[in-house]
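Let me begin by presenting the structure, written as structure tokens, before commenting on it.
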Amino acid sequence: MLENRNSEILELRQRQQYLAEQLASDQKRTELLELEKLSAAPNFWNNQINAQSVMGRAAAIRDNIEAFKQLSTDLDDLDVAHDLSLSEDDMDLAAEVSSELKRLDGQIAELEIITWFDDELDSEDAIITITPGQGGLEAQDWTGILFRMYQKYADRQGWKITVHDAPAGEAIGLDRAVFTLSGPNAYGMLRSEVGTHRLVRISPTDIKKRRQTTFAGVSVLPVLPDDIEVDIKDEDIRIDVFRSSGPGGQSVNTTDSAVRITHIPSGIVVTCQNEKSQLQNRESALSILKARLYEEEKARRDAEIEELRGPKTSIAWGTQIRNYVLYPFQLVKDVRTGLEKGNVDAVLDGDIDDFVVSFHQWRAKQSNKA
């Protein structure tokens, strides 16, 4: 008696329905028509940046609709093949059905990933800032550990890492870390990391080897594309230059190459000191400042929970999104999704993809409930 796969096929159909609403709805088809009308206008290419944005958006919608159509056809064929394998008791055909089920499950998963990124800036690079919270020197050490974790994660993803500011802590770790990760959907992916990260371990600096709880905050901002303008007036900023205290290119520690930009109206301060030249540090600092100003303006416009940084909370007890426990047992647990991993060393070595994926799956479910 061959195994009945109807329940598995039904599950794929349910996921297909969700994709229809997200990728191939009447609204998406209407949007594609409007974009195609725009691209046919006589003066369309006068604005190159806007034209490329429109063409890119149209191509993405078109590709998604075609992928969904092919998926629907493949699911119909799977239904027929499964019914035939049961009626004919055909083991070879049943094996093909099993293989196709696995293939379509993976294909649907890839399409589901696309639906996670609903913000216009999700496809951009990500500016990460890690700040020590409660825990004193231990928090600075924890900041350094998280910095390394995200560097290792970026290596796994094949992403580029650009460090802007990572001054050493008073005794161990880092006073802060500001860096950009460049890769496909980097900002969209790493929105999962926004919030407080809590570490529990035996303190490496405590002679009595007591257990220590430490916190660090992670902020994630998008690198703004050229077609988004943020007005920064010269009279609203103060630029200070100083000698770099951190690692960098040749002569970075012997010249006044580090740059600190203070935006006077908002009080936002951005420091960059890891590039080789003052000009490069200035450009990086301005880019980060623009992202932070854009974030604040978006939060004011939306008048909702801040979507780019997340809720403004203290970096302390009760605010964590993820717990990393090294003692008395080994466990990493995401507070939001409930996902747990026992191999803490692997997680701290950059193996956080399951946490990133589970966050977006959880977020999609929360959105559907709403």
Neighbour cut-off at most 15 other Cβ (10 Å), DSSP loop, GluC sites (Glu not before Pro), the stretch 121-186: E170
Solvent-accessible heavy-atom area per residue, rounded to whole Å², over the chain at 1.4 Å: 53
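Would you work out what percent of the accessible area of the stretch 1-147, with all protein chains in place, is carbon or sulfur (probe 1.4 Å)? The partial results should precede the final answer.
Numbers: 4110 of 8300 Å².
Here carbon and sulfur together make up 49 percent of the probe-accessible area.
Ranked from the most accessible area to the least, with a 1.4 Å probe and all protein chains present, what is the order of V335, V220?
From most accessible down to least: V335, V220.
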Principal-axis tilt of helix 137-157 within the chain, Cα atoms, nearest 10 degrees: 40
Choice from Q27, Q157, Q330 with maximal GNM fluctuation in the chain (Cα, 10 Å cutoff): Q27
Karplus-derived HN-Hα couplings along the stretch 184-195 (A = 6.51, B = -1.76, C = 1.60, θ = phi - 60°), whole Hz, x at Gly and Pro: x, 6, 4, 5, x, 4, 8, 4, 5, 9, 5, x
Links that overshoot a 28 Å alpha carbon limit, given the list K160/K209; K152/K276; K233/K298; K102/K341; K290/K341: K160/K209; K290/K341
Dipole magnitude (debye, nearest 20) for the stretch 1-145, charges at Cβ of Lys, Arg, Asp, Glu: 720
Rounded to 10°, Cα long-axis angle of helix 278-302 versus longest principal axis of the chain: 60
Label-point separation, A40 to D76 (7 Å along Cα→Cβ), nm: 2.8
Helix-only CD estimate at 222 nm, as mean residue ellipticity for the chain, using -39500 (n - 2.57) per DSSP H run (n ≥ 4): -16000 deg cm²/dmol
Tilt relative to the chain, helix 91-116 - C-alpha long axis, 0 to 90 degrees, to 10: 40
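The values are calculated or read from the model by the stated rules, or taken from the named source; none is laboratory data. The structure displayed is predicted, hence computed values, not measured ones. For neighbour counting, all protein chains shown are included, and Cβ atoms are generated from backbone atoms with ideal geometry for every residue, glycine included. Surface accessibility is based on the protein's heavy atoms, side chains included, excluding ligands, DNA and RNA. Shrake-Rupley method; radii C 1.70, N 1.55, O 1.52, S 1.80 Å.
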